[in-house]
Amino acid sequence: MRPSAKTTALVAVDTALHPTGFVRRGHVWHQERGGGVRGWLCLSTAGSPAALDVTPLVGVCFTRFDTVSRALGVPPAPLLSLPLGFLMPEKPCWRWTFGRDGHEAAAQELVGTLVKHGQPFVDRLAKWDAVVKEVLGSEPLLGFDRPRKLAIIHAINGEVGKALAVLGEERERIADSTDSYARAFRVFVHRFGLMFSR
């Protein structure tokens, strides 16, 4: 049986990534940076057997952030990630299309763009203080991730009061809501209080 277009495209990208230090870990790639820091790459895929569209997301992960997240029942995720196309200053490419055959050229182009635009993003944010400054100084974290991530960042930095204030604002915003997000957020706040309000 012939492998799927998705399988052959991801194998081609994985092969092209070898010189960059990104190593596949399940459905994502990590680049060890030392000191509990990892570059992160995820390839979102969509399409048909004839043409597969691949949208790369690039980010940074921190072991200390992941450890606290796990303890609070939140799956580990990059502290900050963006679509690779967002990091391209001119004529951004949001997705790469892999045809039925010949995936090596598309994989090399994707990885070349990652090296040119994604790697400097990872390099710049591979230090805790730099990524915290980026997160606190802008609005890159949207929706439900923002309050949780900000609270964890503040707690790691020893600023539990600021963390509780962020959580209080969000709890007030969703006070009348009973959807799954609101319920999950209330559980998170409860766990956070047990962990940090001692």
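General observations
- Estimated FRET transfer efficiency (Thr63, His190; beta-carbon r; R0 22 Å; 0.05): 0.35
- Residue order for Glu159, Glu134, fewest other beta carbons within 10 angstrom first, comes to Glu159, Glu134.
- For the chain, alpha-carbon Rg relative to the globular expectation (2.2 N^0.38 Å, N residues): 1.16
- Sequence of His103, His18 once ranked by neighbouring C-beta atoms within 10 Å, starting from the fewest: His18, His103
- For region 5-126, the residue among Met88, Val68, Gln119 whose Cα projects farthest onto the positive side of the dipole built from Cβ charges is Val68.
- Computed magnitude of the charge dipole of the chain (debye, nearest 20; Cβ of K, R +1, Cβ of D, E -1): 480 debye
- Distance violations [Cα-Cα > 29 Å] among Lys6/Lys116; Lys6/Lys127; Lys91/Lys133: Lys6/Lys127
- Principal axis dimensions, largest first and in whole angstrom, of region 1-96 by Cα: 43, 39, 28
- Inverse mean reciprocal Cα-Cα distance (Kirkwood Rh) of region 118-186, Å: 13.2 Å
- Listed from fewest to most Cβ neighbours within 10 Å, the set His117, His27 follows the order His27, His117.
- Within the shell defined by Cβ-Cβ distances under 15 Å, the residues around Leu84 carry a net charge of 0, with Lys and Arg each +1 and Asp and Glu each -1.
- Ratio of Rg to Rh for region 83-137: 1.11 [Cα atoms; Kirkwood radius as inverse mean 1/r over pairs].
Since every read-out is calculated from the coordinates, none of them should be taken as a lab result. None of the values given here were measured: they were computed from a predicted structure. Reconstructed Cβ throughout: ideal geometry from the backbone, glycine too, with neighbour counts over all protein chains shown.
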